[in-house]
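What follows is a single structure, written as structure tokens, with notes after it.
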């Protein structure tokens, strides 16, 4: 795998994009420079940190960033993981390729704590599979 620079975007950079950043870093074994950001910066969701840790990926040191803080960087890939980010994302001049895959936002799940965590885990696993396939198909391009 040649080193690539990847940006993952979602609305608040609190959950889905943070999970994707964690998985892409994990599976690329340092061969990709991965960043995530949001069209609205917030904080990394504690449940996202928890379910990623359960899967062996530590995102506890990640911070939520606004996409504007990364606009001076160039990226081989910009991946949007929610429809809102795809629609509201500013033009990123240095983006070579873009990819969109909308994932359900588990931060809006209601129910018991176990039901909410189950939804976070389901989304975590969907993002994991997406990231594995993405790297397998696009790592050397």
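The values are calculated or read from the model by the stated rules, or taken from the named source; none is laboratory data. Values in this document were obtained by computation on a predicted structure and should not be read as measured data. Note that we place each Cβ from the backbone using ideal geometry, even for glycine, and neighbour counts take in every protein chain shown.
Going through 116, 49, 79 one at a time, which residue ends up being closer than 17 Å to residue 12 by Cα and out of contact with any strand residue (DSSP E or B) (no Cβ under 6 Å at 6 or more places or on another chain)? The unique qualifying residue is 49.
Go through segment 1-30 and give me each residue that's over 18 Å from residue 107 (Cβ atoms), assigned to a loop (DSSP other than H, G, I, E, B), in contact (Cβ under 8 Å) with a residue 40 or more places away in the chain and in contact with a strand residue (DSSP E or B) (Cβ under 8 Å, 6 or more places away or on another chain). Residue satisfying the conditions is 1 alone.
For segment 94-113, the set of residues classified as farther than 14 Å from residue 9 by Cβ and touching a residue at least 40 places away in the same chain (Cβ under 8 Å) consists of 106, 107, listed by residue number. For the residues 98, 80, the requirement of being touching a helix residue (DSSP H, G or I) at 6+ places or on another chain (Cβ under 6 Å), surrounded by 14 or more Cβ atoms within 10 Å (Cβ to Cβ) and modelled with pLDDT under 95 singles out 80.
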